[in-house]
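The values are calculated or read from the model by the stated rules, or taken from the named source; none is laboratory data. Just so we're clear, the structure is a prediction, and the values are computed from it rather than from any experiment. Backbone-built Cβ (ideal geometry, glycine too); neighbour counts: all protein chains shown. For the accessible areas, the whole protein counts, side chains as well, though only heavy atoms, and no ligand, DNA or RNA atoms are used. Shrake-Rupley method; radii C 1.70, N 1.55, O 1.52, S 1.80 Å.
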Amino acid sequence: MLQLDTLKPPTEGQRIEVKGGRLVVPTQPIIPYIEGDGTGPDIWRASQRIFDAAVAKAYGGGRRIVWFEVFAGEKSFNTFKTWLPEDTLRAFQHYIVGIKGPLTTPIGGGMRSLNVALRQLLDLYACIRPVRWFEGVPSPVRRPDLVDMVIYRENSEDIYVGFEWPAGSPEANKLIEFVRKEFDWRVRENSGVGLKPMSAFGSKRLVRKAIQYALDRRRKSVTLVHKGNIQKYTEGAFAKWGYELAKEEFADQTITWQEVQDRHGGKVPPGKILLQDYIADVTFQHVLTRPRDFAVIATSNLNGDYLSDAIAAQVGGIGMAPGANVSDFHAIFEATHGTAPKYANQDKVNPGSLTLSGVMMLEYLGWQEAADLIIKGMEKTFKQQVVTYDLARLMDGAREVKTSEFAAAVIDNMP
Ligand code: NAP
């Protein structure tokens, strides 16, 4: 039994475990959740109703999620006087899988982002963002139906490590002086400087996960996106290590674009996944103009950050984009947008991002039937043009509903 200082873990339900290199999910798993700040409680309430209804419908009482509320952000600060209690970290560590709403990032208080703290503690090295379109959802592109991509973004390296110093600081000056003396690199005076570390280990474990996903889900390609034409030994190395990893571990299942041209007349042989790489800048064009060329994208941290919001914009925006941060087994599923505080407690915003993050979580647990019910319920609701304000303002003839009413419609529309 998990011992916590301020929280009482549920007395019912069981812990998800890892045995023999696999996730073992009991019929009543305990899942810690953070409802989130601002609009978090509204979208959490709506999403939780949808998850529970789908699980009940799919398994008729044979399975059930035992929810365990843990705290972070404003609710935590108001109750426990800390933004991120140790108990919350321990609970996510112990129960393996968790879910969270958006959290306020306190500005200027010396507190780093709560999301980053959670990712670092559990070494959640892959940020996964699936992007697909639902019929009826307004889109700025002509063929949103062709958008069906999953982005695997490296989550632990790159400029996000935060190794940077402000212009004029003694540390920046020291670094500038060091590289001048050692390498004859001339950095302009009064420059801010930072490091961008990217390792073979970090890149390969991310690409491994992306290829494994493509194999499990029978997706046709994995595209390594990088800026290696300019940053050869970080971004360029990411692509090189990705190809190396595929050769070392997935030689029978993958084929490179070059091999397809040289040996197969430009056609990917059946049963193989195409492994290709694209420079980041042209990728932003191609995901718009040729979305069908992309299935799974594996990329470095900063590229992935930009790319996932840009692609999400094609299918309804960040109010609809789900996400997960995962390690080999630990996973925290989360709404990808912020707390939208101006709409807090109005029962107004779109719960789609958190709901679809829960769909990812159910798939991760192997509860595909429940996940499918939610997707079907959402598909039908969007087709009926029953939507929250964010989509209603972009549509003609839509029926605008509250967050809770949208949840009720999704539940009603589950087959
Ligand atoms: P935001 O909360 O994402 O909101 C920006 C705008 O996006 C909203 O004003 C709204 O647009 C739209 N939006 C966001 N969520 C929506 C939803 N569920 N349904 C419909 N529309 C939605 O970004 P922010 O205002 O920059 O950030 C507010 C706080 O959230 C900050 O403290 C920030 O640090 C934090 N944050 C947290 C996370 C996280 O926890 N993962 C991520 C990002 C930001 P309209 O005004 O056009 O209606």
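Filter segment 71-83 for residues that are within 16 Å of the ligand (Cβ to nearest atom) and surrounded by fewer than 24 Cβ atoms within 10 Å (Cβ to Cβ) and give the result. Steps first, answer last, please.
Taking segment 71-83 and keeping what is within 16 Å of the ligand (Cβ to nearest atom), we get 71-78, 83.
Phe71, Glu74, Lys75, Ser76, Phe77, Asn78, Trp83 - these are the residues of segment 71-83 that are within 16 Å of the ligand (Cβ to nearest atom) and surrounded by fewer than 24 Cβ atoms within 10 Å (Cβ to Cβ).
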When you look at Leu307, is it under 13 Å from Val131 (Cα atoms), outside any strand (DSSP E or B) and in contact (Cβ under 8 Å) with a residue 12 or more places away in the chain, yes or no? yes
Find all pairs meeting these conditions: Cβ atoms under 8 angstrom apart; at least six residues apart or on different chains; first residue within segment 222-249 and outside any strand (DSSP E or B); second residue buried (at least 21 other Cβ atoms within 10 Å of the Cβ) and modelled with pLDDT under 95. Thr234/Asp158
Positions within segment 159-178 being among the small types (Gly, Ala, Ser) and modelled with pLDDT of 95 or more, in sequence order: Ala167, Gly168, Ser169, Ala172
Leu175: more than 21 Å from the chain's Cα centre (by Cα) and either basic (Lys, Arg) or crowded, with 19+ Cβ neighbours inside 10 Å (or both), yes or no? yes
Residue tally, condition polar (S, T, N, Q), open to solvent by less than 10 Å² (accessible area, probe 1.4 Å), over 21 Å from Leu23 (Cα atoms) and more than 7 Å from the ligand (Cβ to nearest atom), over segment 324-366: 1
Any residue in segment 193-219 that is hydroxyl-bearing (Ser, Thr, Tyr) sitting within a Cβ distance under 9 Å of a residue that is open to solvent by 40 Å² or more (accessible area, probe 1.4 Å) and not in a helix (DSSP H, G or I)? List the pairs, counting only those 6 or more apart or interchain. Tyr213/Arg219
Which one of these is surrounded by fewer than 17 Cβ atoms within 10 Å (Cβ to Cβ), in contact with a helix residue (DSSP H, G or I) (Cβ under 9 Å, 6 or more places away or on another chain) and basic (Lys, Arg): Lys57, Lys19? Lys57
With respect to Lys181, is the statement that it is among the basic types (Lys, Arg), modelled with pLDDT of 95 or more, farther than 19 Å from Gly323 by Cβ and open to solvent by 50 Å² or more (accessible area, probe 1.4 Å) true? yes
Can you list residue pairs whose Cβ atoms sit under 8 Å apart, with the first residue in segment 86-103 being on the phi > 0 side of the Ramachandran plot and the second being more than 12 Å from the ligand (Cβ to nearest atom) and of a type outside the set (Phe, Trp, Tyr)? Count only pairs 6 or more apart in sequence or on different chains. Ile96/Arg15; Ile96/Ile16; Ile96/Glu17; Ile96/Val18; Ile96/Leu23; Ile96/His330; Ile96/Ala331
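Name every residue in segment 84-129 that is of a type in the set (Lys, Arg) and either modelled with pLDDT of 90 or more or within 11 Å of the ligand (Cβ to nearest atom) (or both), in order of residue number.
Start the filter on segment 84-129 by keeping residues that are of a type in the set (Lys, Arg), which leaves 90, 100, 112, 119, 129.
Across segment 84-129, the qualifying residues are Arg90, Lys100, Arg119, Arg129.
Given the options Ala321, Ala298, name the one that is touching a Phe, Trp or Tyr at 6+ places or on another chain (Cβ under 6 Å) and either open to solvent by less than 10 Å² (accessible area, probe 1.4 Å) or under 27 Å from Gln258 (Cα atoms) (or both).
Numbers: Ala321 fails: touching a Phe, Trp or Tyr at 6+ places or on another chain (Cβ under 6 Å).
None of the others qualify; the one that does is Ala298.
State yes or no: is Val260 more than 22 Å from the chain's Cα centre (by Cα) and part of a helix (DSSP H, G or I)? Walk me through how you get there before you give the answer.
Working: more than 22 Å from the chain's Cα centre (by Cα): yes; part of a helix (DSSP H, G or I): yes.
Spelling it out, Val260 is indeed more than 22 Å from the chain's Cα centre (by Cα) and part of a helix (DSSP H, G or I).
Quick one: which of Gly38, Gly62 is within 15 Å of the ligand (Cβ to nearest atom), open to solvent by 10 Å² or more (accessible area, probe 1.4 Å), modelled with pLDDT of 95 or more and not in a helix (DSSP H, G or I)?
Numbers: Gly62 fails: within 15 Å of the ligand (Cβ to nearest atom).
Gly38 is the lone residue from the list that is within 15 Å of the ligand (Cβ to nearest atom), open to solvent by 10 Å² or more (accessible area, probe 1.4 Å), modelled with pLDDT of 95 or more and not in a helix (DSSP H, G or I).
Within segment 67-74, is there a residue that is assigned to a helix (DSSP H, G or I) and either at pLDDT below 95 or of a type in the set (D, E, K, R) (or both)? Can you show your working first?
We begin by selecting, within segment 67-74, every residue assigned to a helix (DSSP H, G or I); these are 73-74.
Next, only the ones that are either at pLDDT below 95 or of a type in the set (D, E, K, R) (or both) stay: 73-74.
Looking through segment 67-74, at least one residue is assigned to a helix (DSSP H, G or I) and either at pLDDT below 95 or of a type in the set (D, E, K, R) (or both).
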Output for segment 375-408, where each listed residue is open to solvent by 20 Å² or more (accessible area, probe 1.4 Å), closer than 18 Å to Gln48 by Cα and among the aliphatic types (A, V, I, L, M): Ile375, Ala408
Of everything in segment 367-415, what is away from the ligand (no atom under 16 Å from the Cβ), in contact (Cβ under 8 Å) with a residue 12 or more places away in the chain and among the polar types (S, T, N, Q)? Give them in sequence order. Gln384, Gln385, Asn413
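Determine which member of the set Asp123, Asp145 is in a loop (DSSP other than H, G, I, E, B), within 22 Å of the chain's Cα centre (by Cα) and surrounded by fewer than 18 Cβ atoms within 10 Å (Cβ to Cβ).
Details: Asp145 fails: in a loop (DSSP other than H, G, I, E, B).
None of the others qualify; the one that does is Asp123.
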